[in-house]
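The values are calculated or read from the model by the stated rules, or taken from the named source; none is laboratory data. If you're wondering where the values come from, they're calculated on a predicted model, not measured in any experiment. Reconstructed Cβ throughout: ideal geometry from the backbone, glycine too, with neighbour counts over all protein chains shown. Accessible surface is based on the protein model in full, side chains and every heavy atom, while ligands, DNA and RNA are left aside. Shrake-Rupley method; radii C 1.70, N 1.55, O 1.52, S 1.80 Å.
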Amino acid sequence: MAELDFTEEENTVRVMLDNQYYSCKPVNETRYIVPRLKSADITIDQLARKLSGGYSCRPGLLVGGCKAENWTGQQCFFLDVDKESCMTVQIALEISEGEDIVPNIIYPSFRFTHSCQRFRMVFVAPEIIRDREVRDRIQRKLMYIFHCDKRTFARERIFFGGNACFWVDCEARLNVRKFLGGNANELKNAGKP
């Protein structure tokens, strides 16, 4: 059975957050950001404010190191939509509606322009996913739907903040069983979407 875990409060999510903000894209700063990332239970509204205030975030919860093998769980799923996808925020919202999934947060990257819309989407599961295969299936399927940056897949990936927020929905949750098309017993061994 896939392992699921709820955060302390129903309206909070657990991520790893930096305690320092940036007003532009951090260049050659990752080595400084990584040791500052700490696990935080935070509301979606607070997370949106942190991300739009330039704080970096790692959605995967890592313990004992900063590599993929140190991954222990994940509740938020981030997508990096960049210039190669030729997607706009409006198109992303239309795709979301067509797929019957609602993003919780959409915020621009520091390099966003109206002619080249680079932005990030955040989807929140109602619980922390502890099973690596289930996590990978969710991330892979979201990436496929939104044609986003392949580097988004890494469990240890860090997402830089931005300087605005385009969309916040604090109530939406990604129904994992419906999204992956199976019950809890089937999810663990279901393979790739």
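Which of these, 35, 103, 26, has the largest mean-square fluctuation under a Gaussian network model of the chain (Cα springs below 10 Å)? Highest fluctuation among the options: 35.
The accessible surface of the chain, taken with every protein chain in place and a 1.4 Å probe, is 49 percent carbon and sulfur. Figure note: 167, 71 ranked by solvent-accessible area, largest first, 1.4 Å probe, ligands and nucleic acids not counted: 167, 71. Volume per residue for region 97-185 equals 117 cubic angstrom (convex hull of Cα atoms).
For residue 114 and residue 70, what is the calculated FRET efficiency with R₀ set at 45 Å and r taken between the beta-carbons, to the nearest 0.05?
Values: r = 39 Å, r/R0 = 0.86.
So, using R0 = 45 Å, E works out to roughly 0.70.
As an exercise, use a Förster radius of 41 Å and the Cβ-Cβ distance of residue 38 and residue 94 to find the FRET efficiency, rounded to the nearest 0.05. Spell out each step's value before the answer.
Numbers: r = 36 Å, r/R0 = 0.88.
With R0 = 41 Å, the Cβ-Cβ based efficiency is 0.70.
When the charge dipole of the chain is built from unit charges on Cβ atoms (+1 for Lys and Arg, -1 for Asp and Glu) and taken about the Cα centre, the candidate among 117, 142, 68 whose Cα reaches farthest toward its positive end is 68. Per residue, the solvent-accessible area of the chain (1.4 Å probe, heavy atoms of protein chains only, all protein chains present) comes to 50 Å².
Once you charge only the Cβ atoms, +1 for Lys and Arg and -1 for Asp and Glu, what is the size of the charge dipole of the chain about its Cα centre, to the nearest 20 debye?
Details: 28 positive and 26 negative charges, 163 e Å.
It works out to roughly 780 debye.
Not counting the cut sites, what is the longest span of the chain without GluC sites (Glu not before Pro) that DSSP labels loop and that have at most 11 other Cβ atoms within 10 Å? Longest run free of exposed loop sites: 11-170. Relative to its residue count, the chain spans a Cα convex hull of 110 Å³ per residue. Of the trypsin sites (Lys or Arg not before Pro) found in region 64-111, those in coil by DSSP whose Cβ has at most 15 other Cβ atoms within 10 Å are 67, 111.
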